[in-house]
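Working notes, beginning with the structure itself.
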Amino acid sequence: MTPENPGRAVLLTASHRVAPGLLSWPAWQALRGADRVLCPDEHHPQLPYLREAGVAVEHVRPTAEELVAACAGGRTVVVLPSGEGDRSLTDGLARLAGSGRAAMPDLELLPGSYDLPGARLLDLVQVMDVIRRACPWSSRQTHRGLAKYAIEEAYELVEAIEAGDRRELREELGDVLLQVVFHARIAEEDAEEPFSVDDVAGTLVEKLIQRHPHIFGDETAETPEDVRAHWLRAKAVEKGRESVTDGVPVGQPGLALAAKLASRVRTAGLGVPLPQGAGVGYELLALAVRAEAGGVDPEAALRAAARAYRDAIRAAEGL
């Protein structure tokens, strides 16, 4: 006696971050060729597109035993789990297969769509929107009130980079990204000139394309110095700047400010002598300019020395 063909069960998953209906060709083949298509969620986002394609869907939440029985006789049954998945069904199938009591169908997990790179950013924007509306603290924040956190998070990111801590780096990058998304969400509420995170991203994309004419245009760049020159020229045109010092924030730490000015002067090929004066300020200025010319970040160098000093202090304390 020939044993009955146990059939085939297909669990078809789809990313909620991809527009419904944009399924892979293997997914559409499985749906069109199935004997039955089951979906426990009558509000599943794929249903309108399946109906439009002529795929009949039954609103059923099968148990493991019911799914195995539905596949018996060589039938193919496709199950569309809800967005949260169906843990009870998959656990039940695993138990049933392990028991040896049933002839199990071929089980297949078929991804119908995949997340694109950056897809989790959509989740971040959605979560930030909920927090902005529902959180008593976040709903009251302003650009000005959050400004100090942007500075703090930037410094913590630099610290993670310099420490070489990959776990901290990942977390601190997220904290910096939070500042961007938070400010963009607040900006949506501006009555005079609102903008969204999409506007922020769109402006950045345009800027990157304009400042990389050696990639997206007809310019050529053979060295990092060539790239930097393209960047500065494009930036000057965009901002309508007259001086190489335009756009250098004077509120940044002193060593970083001195190094930035020296970099602008060197890149522009200007022969500007250092101002002479008495006092440690002029000495530090000369050191910062010398460091920049030698390819050394004076701020980073001082922080490294300060950390060594901190370690020496702790050692003297017996810590």
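Values quoted throughout were computed directly from the atomic coordinates according to the rules given, and no laboratory measurement underlies them. Please read all numbers here as calculations on a predicted model, not as lab measurements. Heads up, the Cβs are rebuilt from the backbone with ideal geometry, glycines too, and the neighbour counts pull from every protein chain shown.
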Only residues in the range 58-81 that are of a type in the set (Gly, Ala, Ser) count as the first member; pair them with residues that are assigned to a strand (DSSP E or B) and surrounded by fewer than 19 Cβ atoms within 10 Å (Cβ to Cβ), Cβ under 8 angstrom, at least 6 apart or cross-chain, and list the lot.
-> ALA70/ARG36
Is at least one residue of the range 289-300 surrounded by fewer than 10 Cβ atoms within 10 Å (Cβ to Cβ) and in a helix (DSSP H, G or I)?
-> no
